[in-house]
Structure formats: structure tokens, C-alpha cells
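What follows is a short report on a single structure.
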Amino acid sequence: MACCGQYLEDQISAPTAKKLMRSRYSAYTLNHSHYLSKTWHPATRPGPLDLNQQPQPKWLGLKICHTSAGNEADINGTVEFIARYQVEGDTEVIHEVSRFIKEDERWFYVDGTLSQPAQNGPCPCGSGKKFKRCCGR
């Protein structure tokens with residue numbers, strides 16, 4: 001949290017879409033729903049976020065796969081990521097290409113497109129196993 005703490009505590013705003021993505025992942029791991037709402041673009045923001053659902057996910061890691069634009073001088077960008085988590089011992093994977101927009105010098109998450117790994121393809125968690133034998137079971 002050392003790198004994202006300054007963003008989560010609202011000392012400064014994330015200067016790039018990639019840094020916002022990392023700070024939002026940290027917010028999920030720490031149940032900071034206020035930060036998630038604040039960094040979600042108002043046009044696509046859902047109602048109040050309830051991160052206290054049961055069973056509680058245990059976040060295992062975030063891998064940034066690819067970014068397009070989203071730098072300090074840009075006004076939009078995308079970040080492709082893989083986030084792994086466990087719920088009741090089962091490992092799950094979120095593979096998403098997220099869209100971000102910058103307004104008034106602040107980056108916002110807009111929305112994302114989920115990808116489902118192919119059952120016979122490599123697992124996006126990086127284990128080297130096929131998806132169906134790893135996170136897809």
C-alpha cells in the first residue's frame with residue numbers, strides 16, 4: 001500500500017490510468033468503497049458499493065498485462081489486467097480491459113470488458129497450467 005496510500009488517503013490523485021488501476025485494486029483489497037466510488041466516473045458509477053459481501057474474497061494479486069495511452073498528458077486510456085482472488089478456497093480470475101478518462105486533471109474508471117480464458121488455453125494467473133486445470137476448475 002506504500003505506493004497507493006497517497007491516493008487512497010486523497011493526498012494526491014493518481015497521475016496515470018495505470019496508477020489509478022493499481023490504487024483501485026488496493027482499495028478492493030482494503031474494502032475502501034469510498035475511494036472506489038470517488039474514482040468511478042459519475043456517468044457509469046453504480047449505486048453504493050457493498051464490499052462486505054459474504055463470503056469475503058481474499059485478493060491474491062494483480063498483473064497489469066497492457067496499457068494504451070493513459071499517461072499524464074492523455075485524456076483517456078485503457079489498462080488490461082488480471083486480478084486473482086479466492087473465495088472459500090476456490091481461485092477465481094478477473095481478466096478485464098478497463099477504460100479510463102481524465103477530467104479536471106483527475107483520472108476516472110469508466111467501464112471494462114471482461115475476457116474469459118479458453119478452457120484449453122494457458123491460465124492467465126501465470127502458473128503454466130491450462131486454465132481448466134488451474135483457476136477454471
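The values are calculated or read from the model by the stated rules, or taken from the named source; none is laboratory data. As the structure is a prediction and not an experimental result, all values here were calculated from the model. Don't worry about glycine lacking a Cβ; one is built from the backbone with ideal geometry, like all the others, and counts go over all protein chains shown. In case anyone asks, the SASA skips ligands and DNA or RNA and just uses the protein heavy atoms, side chains included. Shrake-Rupley method; radii C 1.70, N 1.55, O 1.52, S 1.80 Å.
In a GNM of the chain with a 10 Å cut-off on Cα contacts, which of 61, 77, 121 has the highest mean-square fluctuation?
In the Gaussian network model the winner is 121.
With the other protein chains left in place, how much accessible area per residue, in square angstrom, belongs to region 1-64 at a 1.4 angstrom probe?
Averaged over the residues of region 1-64, the accessible area is 57 Å².
Taking all protein chains together and a probe of 1.4 Å, list 66, 95, 32 from the most accessible to the least accessible.
66, 32, 95
Using a probe of 1.4 angstrom, how much of the accessible area of the chain is carbon and sulfur, in percent?
Result for the chain: 48 percent of the exposed heavy-atom area is carbon or sulfur.
Near the amide H of residue 40, under 5 Å away, which other amide H atoms are found, from residues 5 or more places off or on another chain, if H is placed in the peptide plane?
109
Per q in 0.15, 0.16, 0.25 1/Å, what log10 I(q)/I(0) does a Debye calculation on the alpha-carbon atoms of region 67-127 return?
Each listed q maps to, in turn, -0.57, -0.62, -1.00.
Could you name the aspartates and glutamates in cross-link range of residue 58, using Cα to Cα under 12 Å and dropping any fewer than eight places away on the same chain?
By straight Cα distance, residue 58 reaches 88, 90, 92.
Just to verify a number: what accessible area does residue 111 come out at with the full protein assembly present, 1.4 Å probe, Å² rounded to tens?
50
Helix 17-30: angle to the longest alpha-carbon principal axis of the chain, degrees 0 to 90, nearest 10?
Computed tilt is about 70 degrees.
Above 28 Å lies some portion of the pair distances; for the chain, what is it as a whole percent of all C-alpha pairs?
Tail of the P(r) past 28 Å holds 19 percent of the pairs.
Within region 7-35, which residues have the backbone N less than 14 Å from the label spot 7 Å out from residue 59 along Cα→beta-carbon, could you tell me?
7-9, 19-35
Any chance you could look up the accessible area of residue 28 with a 1.4 Å probe, heavy atoms only, rounded to 10 Å²?
Its accessible surface works out to 70 Å², give or take rounding.
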